[in-house]
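The values are calculated or read from the model by the stated rules, or taken from the named source; none is laboratory data. Note that the structure is predicted; figures quoted are calculated from it, not measured. FYI the Cβ positions are ideal-geometry reconstructions off the backbone, even for glycines, and counts take in every protein chain you see.
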C-alpha cells in the first residue's frame, strides 16, 4: 500500500494518561531517550561513557546524581577501541560488572541498514543503556552526517528503540577545533543531531586546572539543566568526581559553554553562504539554544545582517552575498 493510501488511527489527548519521565541520572540522562555527549578528541568522552556504563552495571550513582540508583545491562559499541585490550580493561578499572556489559559482534554496524539488529539486541539483553562511541562511526555510507533529512531519519529510528525498550541511547560525538579560534567547534554534523537529543553534555578542560574536565549540561528538554560537573581521569582511566563549583563560577562556565555551542551551530549553518536570520534562530531554538544566547554568539562572531525583501540574512565577514 502506498503512503498516500495509508490510514492511521486518530487519538485525542484526553484518552492518554500522562507519565513522569524516568531517569538514570537526573537531569543528565533520561531513560528511553537519545542523549548526546560531545567534546574534542582526547578530552575523555569515551572514558566518561565507560564510567557511566560501569556505574549502571553495578547500581552505583551515575555522574554523582542523587537519582535512585538502577542496576541494568549495557550494550557498549566502541568503533575505535579494541574490546579485549582497551574497552574491557577500562570497564574493569571503573569497577564494572562485565557480566552485564555486552557488545554486538557485528563488523561495520550501520544504524540505517542494521536498525533491526540494534532493536533485537536491546530487547534480548534488556539493556538500560546503549552506547554508540562515536556516533559518526555508525552512520553508514548511505547517509550524510551533515544532511538534516538523513539525521532525522536515523536518529528517529534510534528514538523509537529507546522509547520502546526504555533504554537510554548515549551517543558520543567528536568535535574538531575550528581553525583560527580558541574554543569554537565544528565537525559534529547536522544541527539536527543536537536537536534530536533530549539532553546534550559537553566536556571541556578547566581553564584554571587543565587536568580537570568539566561536564557542561548545555541542553535539557525534560528538566532544568544540571549544574557543571568536574572530574579527574586517573592513570588507569578511572574517573573521580570532584566537589561542585561555587554558584558564580558554575554560572559563568555554563554561559560560556552555551555561547560556544551557539557559535559552532551558527558557523555550521553559514558555512555554505548567507542564510535567513529567522531560520537560524528557529533551528537554534529547536536545538535548545535561547535567542539571547544566539544573539550574543552572533555578536562574538561579528556576523552582519543584510536586509532582504523577505527579512534579514546573516552573513560572515568577507562572505559573498
Practice prompt. Identify all residues within region 159-197 that are within 17 Å of residue 287 (Cβ to Cβ) and either modelled with pLDDT of 95 or more or part of a helix (DSSP H, G or I) (or both); write none if there are none.
Written response: 159, 171, 191, 192, 193, 194, 195, 196
Response to the item:
Considering residues that are surrounded by 16 or more Cβ atoms within 10 Å (Cβ to Cβ) and either in contact (Cβ under 8 Å) with a residue 60 or more places away in the chain or part of a helix (DSSP H, G or I) (or both), the number found within region 66-88 is 3
Worksheet item: Applying the selection to region 192-224, what residues are farther than 20 Å from residue 47 by Cα, touching a residue at least 60 places away in the same chain (Cβ under 8 Å) and surrounded by fewer than 19 Cβ atoms within 10 Å (Cβ to Cβ)?
Response: 221, 222, 223, 224
Worksheet item: For residue 57, are the conditions met, namely being in contact with a helix residue (DSSP H, G or I) (Cβ under 6 Å, 6 or more places away or on another chain), at pLDDT 95 or above, surrounded by 15 or more Cβ atoms within 10 Å (Cβ to Cβ) and within 14 Å of residue 169 (Cα to Cα)?
Response: no
Worksheet item: So, of the residues in region 31-49 that are within 12 Å of the chain's Cα centre (by Cα) and not in a loop (DSSP other than H, G, I, E, B), which turns out to be farthest from residue 72 (Cα to Cα)?
Response: 39
